Amino acid sequence: MKYREMEPKKCWVGEGQKVCYATREEAEVAARVAEHDYGAPRLSVYKCEFCHEWHLSSR
């Protein structure tokens, strides 16, 4: 069996796609990992009005 990288679920927001997180807690953990491991700016989370899942935002 070959290892295949899993693609996260995404939805279109504006001009681009954003990764979907099923819960607020999952999105908050992803935001902290991005900040700590990758030096991303402080990220917030919000619930998408289109897909009703959670996304990260740098705004």
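The values are calculated or read from the model by the stated rules, or taken from the named source; none is laboratory data. Worth saying up front: this structure is predicted, and the values here are computed from it rather than measured. We place every Cβ from the backbone using ideal geometry, glycine too, and count neighbours over all the protein chains shown. When the accessible area is computed, the model is the full protein with side chains, heavy atoms only, and any ligands, DNA or RNA have been set aside. Shrake-Rupley method; radii C 1.70, N 1.55, O 1.52, S 1.80 Å.
For the chain, carbon and sulfur atoms together expose 53% of the accessible surface, with a 1.4 angstrom probe and every protein chain in place. Residues in the chain average 87 Å² of solvent-accessible surface per residue, probe 1.4 Å, ligands and nucleic acids excluded.
Charged neighbours of L43, selected by a Cβ distance under 11 Å, balance to +1 (K, R count +1; D, E count -1).
Rg over Rh for the chain works out to 1.01, both radii taken from alpha-carbon positions and Rh defined as the Kirkwood radius.
Model label sites at H52 and Q17, defined 7 Å from Cα along the beta-carbon direction, differ in position by 2.2 nm. Restricting the chain to chymotrypsin sites (Phe, Trp or Tyr not before Pro) that sit in a DSSP loop and have at most 11 other Cβ atoms within 10 Å of their own Cβ leaves Y3, F50. Only sites in a loop by DSSP and with at most 12 other Cβ atoms within 10 Å count here; which GluC sites (Glu not before Pro) in the chain make the cut? Listed in order of number, the matching sites are E5, E15, E49.
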